[in-house]
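Rule-based calculations on the coordinates, nothing more; no lab input. Nothing here was measured: the structure is a model prediction, and the numbers come from that model. Using ideal geometry, Cβ is built from the backbone for each residue, glycine included, and neighbour counts are taken over all protein chains shown.
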Amino acid sequence: MANMNSDSRHLGTSEVDHERDPGPMNIQFEPSDLRSKRPFCIEPTNIVNVNHVIQRVSDHASAMNKRIHYYSRLTTPADKALIAPDHVVPAPEECYVYSPLGSAYKLQSYTEGYGKNTSLVTIFMIWNTMMGTSILSIPWGIKQAGFTTGMCVIILMGLLTLYCCYRVVKSRTMMYFIHHINDTDTILSTNNSNPVICPSAGSGGHPDNSSMIFYANDTGAQQFEKWWDKSRTVPFYLVGLLLPLLNFKSPSFFSKFNILGTVSVLYLIFLVTFKAVRLGFHLEFHWFIPTEFFVPEIRFQFPQLTGVLTLAFFIHNCIITLLKNNKKQENNVRDLCIAYMLVTLTYLYIGVLVFASFPSPPLSKDCIEQNFLDNFPSSDTLSFIARIFLLFQMMTVYPLLGYLARVQLLGHIFGDIYPSIFHVLILNLIIVGAGVIMACFYPNIGGIIRYSGAACGLAFVFIYPSLIYIISLHQEERLTWPKLIFHVFIIILGVANLIVQFFM
């Protein structure tokens, strides 16, 4: 977001050096809505800003806040008879919203300027932000749902989450304020040049897959597998790599490397395309009855794919921030639809190619792993490069997520996001320890994604957008039974999506 001008006046008092302080960030605000959308100022309390300096809301801001609360309690929000008079409502240049994360946001009129991003840049930003580790589990999700059912579920979930995201975008003109946080979740062959393995066969999952690659006579490979085990050794190696990065005071250095996410996704697309061209398609259609090497087209485990897709299509908590910087605000809905279409096509491309080109026979389609890169042997160079890209991507994203947790927890408990190296180290040890425990005892990326996706999506994707829309229509006396039933049905789908994950 753009910084505010240096001559703007804060509602909060602070001894910050304004020459070094980048100042609050901007939120665009329609001047014509000043009478219908009341500004909101929090009660006097300690606030940690982005430069780690404690602020306190001034007495003037607190008094204004109490006046507006007083007027709002005189009657119901839908009643326009009693609203705060003009002398109580501050001018647009004096309106700020203080985020729980410690950032001060200025309400800026649309007439003061537009965002600088073109539609093409905006679409690419949404696509890049939405792409994540969920893409690694899409082929597994299609296998769980069945090939035909999986493709249909991806398209339907894309449309459903797009509509909910559209409701989030429109909610900024319907509610008082919507606070958003931006952070901002196998392959195939029967020849020696492109080996594919079935890791689950070693544990008794598919003993009949005779094409599984073993290294019984290779002592060096055995030693490598002993010291490089994804559940027993690798998580502890990552502790030494990631824990120091979490202790940085500012995450700004890592935010400059977000381009690695785009590079990782593009390389995965190249990898899947290259392998599919070399191996060809291996498909047979059996609608309900599984065979030795193929799964049926319709499987009742399809809710596992909906859980993964809920996280894969999740961008609802930061979509307003991304679209706010669009140069042509009237194109927001169009750009959002195009971005979702590209994301859906990307998931379909990766999922369909991996599933279709998986060599069946000799391997069963059930051998597709939750992370499709696990179907490559460790000696495969192309998959190794893909893992390196993903590692560097996580090395830039993980400190940002750790910083977010630090701001939310330490900032509110101690009033300082970096009270001491001891406090920060203890918090980071808890964060890293939780990840190590999951990696050691539940190393199932598909399961983690579908559970977390269904849980977070229940609130941010299904409940909040629908509930805000229902409340807004009710306040404006425009709520009809069809609209109410439709959006309640969306909420029920979100609840069912979460509950059914525990029975799959």
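Here are some notes:
- Violating pairs (Cα-Cα greater than 18 angstrom) within the set Lys324/Lys483; Lys170/Lys324; Lys116/Lys328; Lys230/Lys275: Lys324/Lys483; Lys230/Lys275
- Chain lengthening between Leu425 and Thr381 when straightened (0.36 nm per residue, less Cα-Cα): 12.2 nm
- Value of Rg to Rh for the range 374-461 (Rh from inverse mean 1/r over Cα pairs, i.e. Kirkwood): 1.06
- In plain terms, the chain from Val239 to His474 could stretch by 79.5 nm, reckoned as 0.36 nm per residue minus the Cα-Cα distance.
- Mean shadow area of the range 322-371 over all directions, Cα convex hull, nm²: 4.6 nm²
- All Cα pairs of the range 124-174, percent lying beyond 15 Å: 62 percent
- Calculated over the range 301-346: convex hull of Cα atoms, volume per residue (Å³): 75 Å³
- 13 Å tail of the calculated P(r), the range 257-323, as % of Cα pairs: 79 percent
- Treating r as the C-beta distance of Asn331 and Tyr163 and R0 as 22 Å, the FRET efficiency rounds to 0.75.
- Approximating the spin labels as points 7 Å out from Cα along Cα→Cβ, the Arg232-to-Lys249 distance works out to 4.3 nm.
- Sorted from longest to shortest, the spans of the Cα atoms of the range 314-424 along the three principal axes equal 61, 48, 23 Å.
- At full extension, Ala455 and Phe489 could sit 10.5 nm farther apart than now, given 0.36 nm per residue minus the alpha carbon distance.
- The shape of the range 425-504 comes out oblate: with a ≥ b ≥ c from the C-alpha gyration tensor, a/c is at least 1.5 while a/b does not beat b/c.
- For a modelled paramagnetic label at Ala405, 7 Å from Cα along Cα-to-Cβ, the residues of the range 411-453 in reach, with backbone nitrogen under 15 Å, are 411, 423-440.
- For the range 288-369, radius of gyration divided by Kirkwood radius, i.e. Rg to Rh on alpha-carbons: 1.15
- Reciprocal of mean inverse Cα separation for the range 388-431 (Kirkwood radius, Å): 11.1 Å
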